[in-house]
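The values are calculated or read from the model by the stated rules, or taken from the named source; none is laboratory data. On a predicted model such as this, the values are computed, not experimentally measured, just so you know. Here the Cβ is made from the backbone with ideal geometry for all residues, glycine too, and neighbour counts use every protein chain on show.
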Amino acid sequence: MNIVGPTLEIRVAPDEEAPIPEPLVLLTNRDLQVPATPAHLIWRDLPASKEFQMLSFEDKSETGDVFKNISVENKTIECDFVPPASDPPKKEYYYVITIKYQGEEYDTSERTAPGEGRPVIRN
């Protein structure tokens, strides 16, 4: 990693409270406002969580090249965040993290609505 700038750390854990069949991956500071300047990002396992493995990181930004030098390890994902120059600076950049928990793969994608016409309320 070669970014000189702030380092932002985000904790990752499986969401054991989520309704079946779609548990989510919990991220602390999920809606963290990133700086408009380059930074180093680290996602680490939440020490109090159950055992899981980091599998992948996918850059879903508009250009697909905002997250660079991505390194995925068993318990850590690191990358350099290099936002494109824009005026005004953009504040949201999308990505998907996939983990393996109890033999199943789960990711940070938004949960879909419940089936069979059941209502859903989200904040």
Q. Based on what the data block shows, is residue 75 buried (at least 16 other Cβ atoms within 10 Å of the Cβ), at pLDDT 90 or above and more than 12 Å from the chain's Cα centre (by Cα)?
A. no
Q) Consider residue 85 against the criteria (1) more than 12 Å from the chain's Cα centre (by Cα); (2) at pLDDT below 70; (3) surrounded by fewer than 12 Cβ atoms within 10 Å (Cβ to Cβ): it satisfies all of them except one. Which criterion is unmet? A) (2)
Q | Search result, residues across the range 88-107 that are surrounded by 14 or more Cβ atoms within 10 Å (Cβ to Cβ) and either hydroxyl-bearing (Ser, Thr, Tyr) or not in a strand (DSSP E or B) (or both) | A | 90, 93, 95, 98, 101, 106
Q. Got a number for residues in the range 47-72 being within 13 Å of residue 13 (Cα to Cα), surrounded by 11 or more Cβ atoms within 10 Å (Cβ to Cβ) and at pLDDT below 90?
A. 2
Q.
I need the full set of residues from the range 51-82 which are touching a Pro at 6+ places or on another chain (Cβ under 7 Å) and assigned to a loop (DSSP other than H, G, I, E, B), in order please.
A. 52, 63, 66, 82
Q: Residue by residue through the range 76-85, note down the ones that are touching a residue at least 12 places away in the same chain (Cβ under 8 Å) and farther than 13 Å from residue 10 by Cβ.
A: 80, 82, 83, 84
Q) So which residues in the range 15-46 are modelled with pLDDT of 85 or more and farther than 22 Å from residue 92 by Cα, if there are any at all? A) 45, 46
